[in-house]
C-alpha cells in the first residue's frame, strides 16, 4: 500500500517517508507517541495520519452477509471449529471452539477445566481429514493468587 494514496497534507507524507516508513501497515505498527518521535510530527498530525491509515485499510466498514460468506469461502480455516467430542457441548458452542484465536477456560475448582483442555488436546491429534489440527496446552495453577493451602 503506497503512502501517497492517503488523503493527507504532503508535509505529513514527507515526514513519514523521511522516517523510512514505506507502507500503511508499517505506520500502523507504531503507537502515536512512537510515530511522533520517529517523524517529528505534532500529536494532531499523528492522529490524522493514524485515522487516515486505518480507514484506508478498513475500507468502507460495511459488510453484507454475502461479503461475510465470501470471506468464509476464501479463508475457511478462520471459520472452522474444533469439536469437543460431545454433540451436546458442540451444540452449545455453535459447532465447537473457534479456531481463529486463543480460548481461555475459566471456572471454579473441580469444574472440569483441565479435563476439557486435555480432551481438546486429544481431539486435535486426529488426522487432518477427520478435523485434526495442533494444540498448545498451558496451565497456571495458583500463580496469580499466591500460595495455595494444602488440602487433605
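The values are calculated or read from the model by the stated rules, or taken from the named source; none is laboratory data. All of these numbers come straight from a predicted model, not from anything done at the bench. Positions of Cβ are generated from backbone atoms using ideal geometry, with glycine treated the same way; all protein chains shown enter the neighbour counts.
Do any helices (runs of 4 or more DSSP H) entirely within the range 33-131 hold 3 or more residues that are within 23 Å of the chain's Cα centre (by Cα), closer than 30 Å to residue 18 by Cα and at pLDDT 80 or above, and if so, which?
So the answer is 43-58.
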Note to self: Condition first: in a loop (DSSP other than H, G, I, E, B), modelled with pLDDT of 90 or more and surrounded by fewer than 13 Cβ atoms within 10 Å (Cβ to Cβ). Now tell me which residues in the range 18-30 satisfy that.
What the structure shows: 20
Check: Filter the range 92-102 for residues that are out of contact with any helix residue (DSSP H, G or I) (no Cβ under 6 Å at 6 or more places or on another chain) and closer than 14 Å to residue 80 by Cα; which is surrounded by the fewest Cβ atoms within 10 Å (Cβ to Cβ)?
Finding: 102
